[in-house]
Amino acid sequence: MLPFSLKEYKNRLDQTKRSMLERGIEVLIVTNPANMNYLSGYNSWSFYVDQMLIVIVDEDQPIWIGRKMDANAAKATTWLYHENIIPYPEDHVHSKTKHPSEFAAKILTQIGQSNRRIGIEMDSYYFSVQSYECLKKNLPNAKFSDASLLVNYVRLIKSDAEIEFIKRASKIVEVGMQRAVDSIQEGVRECDAVANIYQSLVRGTDEFGGDYPAIVPMLPAGENTSTPHITWTDKKYKDNEMVIIEIAGCYQRYHSPLARTVSLGKPSQEALDVSKIVVEGLNAALDVVKPGATCEDVEMAWSNVISKHGIVKDSRVGYSMGLNYPPDWGEHTASIRRGDLTVLQPNMTFHLIPGLWFDNYGIEISESFRVTETGCEVLADFKRELIVNEDRNIRV
């Protein structure tokens with residue numbers, strides 16, 4: 001079931017170990033499911049309980065520790081020897097008296113790793129304060145350090161095989177976005193439009209099926225377009241409303257996000273003008289993308305355009321993206337914003353989303369892109385403009 005070659009996984013592990021050595025880390029406890037997947041192939045909806053991948057700098061393979069019920073998933077989806085798949089008993093799940101990190105500490109002690117320099121992903125959604133305290137209590141001779149984002153930064157430059165998966169996700173998001181535009185019509189319930197979107201994203205294309213995206217479809221409508229992270233309701237769309245669509249295609253956990261804005265009926269002149277500014281700024285930002293440019297350079301190209309129109313935007317306009325699990329498809333590394341001097345390199349992938357939000361409406365038009373050897377490749381092919389749905393025939 002491995003989506004990549006064994007050689008690629010071993011190369012990822014080698015890069016991770018080099019980063020560990022640079023930071024003086026001998027044992028790395030990985031709890032971010034995307035990083036677990038990246039290094040081992042492990043792929044299961046089990047991240048709601050404690051699980052980890054332990055990388056030991058002088059061992060050939062990592063060790064997977066997770067719930068007993070999920071051990072067979074580790075055997076099915078990883079390249080690890082079965083003896084490196086170590087489940088904790090079911091009575092450790094959501095227990096008041098036992099904790100999976102206590103079990104993991106015992107394993108580390110048994111294999112002679114209890115007094116080493118241990119790195120932990122402290123800034124991970126999936127690693128609790130209780131887990132950390134339990135490890136410290138049961139490994140009193142270890143020296144702990146923060147290894148947040150260590151693997152994330154290894155993931156920043158994709159392999160050609162990863163790029164292929166992201167391109168497949170891009171084909172899926174094209175299908176999903178078209179279905180969204182067709183479904184958002186006067187009289188249609190928001191939830192029904194989202195049901196259509198999900199069906200398209202999961203079905204994918206005739207050549208390859210889709211996976212569940214790490215973020216749900218976000219479809220604020222009307223005045224809620226001023227709040228970009230609202231999802232949906234069971235209300236019906238009204239004439240002269242605007243609707244923002246932000247979705248992502250997903251293939252083998254690799255994402256390609258895309259945002260567009262739809263107007264039901266003729267938009268106001270103000271909204272039309274703002275949409276043209278967004279597109280102008282988006283185009284200017286994409287034109288700057290090339291190896292050697294920085295994330296800040298890309299943001300400044302956008303800011304230079306909107307400043308000419310008297311608009312200021314203080315939030316970032318993009319971020320690195322790719323492999324991930326809920327609740328985010330971003331990688332939490334490079335951001336397209338002022339002050340981020342990350343140098344762009346070939347096969348980095350970003351979601352560039354320069355939306356503008358005001359008191360009573362907003363406009364989002366985005367693109368995901370890959371940095372190429374000479375410039376920029378936009379990943380999805382979808383009309384880059386404010387989309388006007390004047391057809392009153394409901395298509396669901």
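The values are calculated or read from the model by the stated rules, or taken from the named source; none is laboratory data. Computed from a predicted model, the values in this text were never measured in an experiment. Counting neighbours? That spans all protein chains shown, and the Cβs are built from the backbone with ideal geometry, glycine included. Keep in mind that these areas ignore ligands, DNA and RNA; they rest on the heavy atoms of the full protein, side chains included. Shrake-Rupley method; radii C 1.70, N 1.55, O 1.52, S 1.80 Å.
Taking the chain as a Gaussian network, Cα atoms linked when under 10 Å apart, which of GLU190, GLU207, GLU364 shows the biggest mean-square fluctuation? Comparing GLU190, GLU207, GLU364 in a Gaussian network model of the chain, the most mobile one is GLU207.
Ratio of Rg to Rh for segment 160-389: 0.95 [Cα atoms; Kirkwood radius as inverse mean 1/r over pairs].
Let me have the 222 nm mean residue ellipticity of the chain computed from DSSP H runs of 4+ only, each contributing -39500 (n - 2.57), with the sum over all residues rounded to the nearest 500. That comes out to -10500 deg cm²/dmol. Just to confirm the number: angle between the C-alpha axis of helix 190-203 and the first principal axis of the chain, 0 to 90 degrees, nearest 10? Around 60 degrees separate the two axes. Counting only lysines at least 8 places from LYS143 when in the same chain, those with an alpha carbon closer than 17 Å to its own are LYS106. Based on C-alpha pairs under 8 angstrom that are at least 6 apart in sequence, segment 6-155 has a relative contact order of 26 percent.
With +1 on each Lys and Arg Cβ and -1 on each Asp and Glu Cβ, how big is the dipole of segment 201-310 about its Cα centre, in debye rounded to the nearest 20? Please report the intermediate quantities before stating the final value.
Working: 10 positive and 15 negative charges, 46 e Å.
The dipole of segment 201-310 has a size of about 220 debye.
Distance between the modelled labels on ASP328 and GLU280, one decimal in nanometres: 3.3 nm (7 Å Cα→Cβ projection).
Rounded to the nearest 10 degrees, the angle from helix 100-110 to the longest Cα principal axis of the chain is 40 degrees. Among the listed values (i) 22.8, 77; (ii) 22.7, 70; (iii) 23.8, 81, the one computed from these coordinates for Rg and Dmax of the Cα atoms in Å is (ii).
When the accessible area of the chain is computed with all protein chains present and a 1.4 Å probe, what percentage of it is carbon and sulfur?
Of the solvent-accessible surface of the chain, carbon and sulfur hold 48 percent.
Annotation: average projected area of segment 136-210 is 9.3 square nanometres, based on the convex hull of Cα atoms across all directions. On a per residue basis, the convex hull of the C-alpha atoms belonging to segment 6-155 measures out at 99 Å³. Compared with the dominant principal axis of the Cα atoms in the chain, helix 160-183 is inclined by about 40°.
Comparing TYR125, TYR42, TYR237 in a Gaussian network model of the chain where C-alpha atoms under 10 Å apart are linked, the largest mean-square fluctuation is found at TYR125. For the chain, set up a GNM with springs between Cα atoms under 10 Å and report which of LEU341, LEU149, LEU219 has the largest fluctuation. Per the Cα network of the chain with a 10 Å cutoff, LEU341 tops the list.
Counting only Cβ charges, +1 for Lys and Arg and -1 for Asp and Glu, the dipole size of the chain around its Cα centre is about 840 debye. Sorted into 10 angstrom bins from 0, the C-alpha pair distances of segment 201-270 split as 20, 41, 27, 12, 0 percent.
Please say if segment 227-363 is rounded, prolate or oblate, where rounded means a/c under 1.5 for a ≥ b ≥ c the square roots of the C-alpha gyration tensor eigenvalues, and otherwise the choice is prolate for a/b larger than b/c and oblate otherwise? If you can, show how the numbers build up before the last one.
Numbers: a/c = 2.33, a/b = 1.27, b/c = 1.84.
It comes out oblate by the Cα gyration axes.
The phi-based Karplus calculation (6.51 cos²θ - 1.76 cosθ + 1.60; θ = phi - 60°) puts the 3J(HN,Hα) values of segment 273-290 at 5, 5, 4, 5, 5, 4, 5, 4, x, 4, 4, 5, 5, 5, 5, 7, 5, 5 Hz, whole numbers, x for Gly and Pro.
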